[in-house]
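For reference, the structure is listed below as structure tokens.
We did not get these values from a lab; they are worked out from the coordinates using the rules stated. Note that the structure is predicted; figures quoted are calculated from it, not measured. Quick reminder, even Gly has a Cβ in these numbers, built from the backbone with ideal geometry, and neighbours come from all protein chains shown.
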Amino acid sequence: MFNKMFRFTAIMYFWKRYRQLILSTLCLFGVFWLVGTIHSDYVELSQLEQSNDYLAQSFVIKWLIYLVAVAVYLIVNSRGKLGKRAEKKAETKTKEKAAPKSEKGASASQVDPFSEIRNKDKLRSAADMVIEKHKK
Amino acid sequence: MSLQDRLFKRFGSQLREKAIKRAQTRIVLVGRTAADLSPEELEIVVEEEESKLKEELRDKGVLLLFALLGISWLG
């Protein structure tokens, strides 16, 4: 049961994380297969008909389609990464812009009460605080 | 900073964020807001949630280890 669960979790993790990459790779190979099949059929037909008028052009077209498909694949996948990076940069910029405003005296409701806690290395428990008070 | 330190720091900050979210939920459930509590009280609530999270992770880790070793409670 656990084995199945681990497998399922791993598959879901990879699917969620690399869905675009997996789908685009499958599409790329699909295009390769389709173009290759059509071209081989055309080559067979031209051999049967013994007319090699457009055979060289067909090879050029085939490789052009391959190159275009690879270019589209690279653009689509790099755009996803670039988009995520740009989003992260924009988020950090807005956070940086928002931080000084709150320091300058925005209303108390806008200040995050947890900001101090986020920066602390270790949090004190209720018991720690009682002990500290008694020490004083 | 070494890779290990960075990983621990990242894990710690993620754990803290989760604890803060849980603390916020807990505060909302009792009909108050985070602004109503003092920083010390908030620290106590977040600390409690963080230790609960750590315990949960520890328990899950032990269960996972048992599962990997093929040990089951039911025999």
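When A:Lys16 is tested against the conditions (1) exposed (fewer than 10 other Cβ atoms within 10 Å of the Cβ); (2) more than 29 Å from the chain's Cα centre (by Cα), the lone failure is (2).
If you scan the range B:1-22, which residues turn out to be among the hydrophobic types (A, V, I, L, M, F, W, C) and more than 8 Å from chain A (Cβ to nearest Cβ)?
As a first pass, look at the range B:1-22 and keep what is among the hydrophobic types (A, V, I, L, M, F, W, C): B:1, B:3, B:7-8, B:11, B:15, B:19-20.
Matches in the range B:1-22: B:Met1, B:Leu3, B:Leu7, B:Phe8, B:Phe11, B:Leu15, B:Ala19.
Within the range A:51-80, residues that are in contact (Cβ under 8 Å) with a residue 60 or more places away in the chain sit with their Cβ atoms under 6 Å from residues that are surrounded by 13 or more Cβ atoms within 10 Å (Cβ to Cβ), at 6+ positions apart or across chains, in these pairs: A:Gly80/A:Gln20. If you check every pair at least six apart or on different chains, which have Cβ atoms under 7 Å apart with a residue in the range A:112-125 that is at the interface with chain B (Cβ under 8 Å from one of its Cβ atoms) first and a residue that is surrounded by 12 or more Cβ atoms within 10 Å (Cβ to Cβ) and assigned to a loop (DSSP other than H, G, I, E, B) second? Short answer, once both residue conditions are applied: A:Ile117/A:Leu123.
Every residue in the range B:28-72 that is over 21 Å from the mean Cα position of the chain (by Cα), surrounded by fewer than 15 Cβ atoms within 10 Å (Cβ to Cβ) and either more than 12 Å from chain A (Cβ to nearest Cβ) or assigned to a helix (DSSP H, G or I) (or both), please. Correct list: B:Gly31, B:Ala35, B:Asp36, B:Phe66, B:Leu68, B:Leu69.
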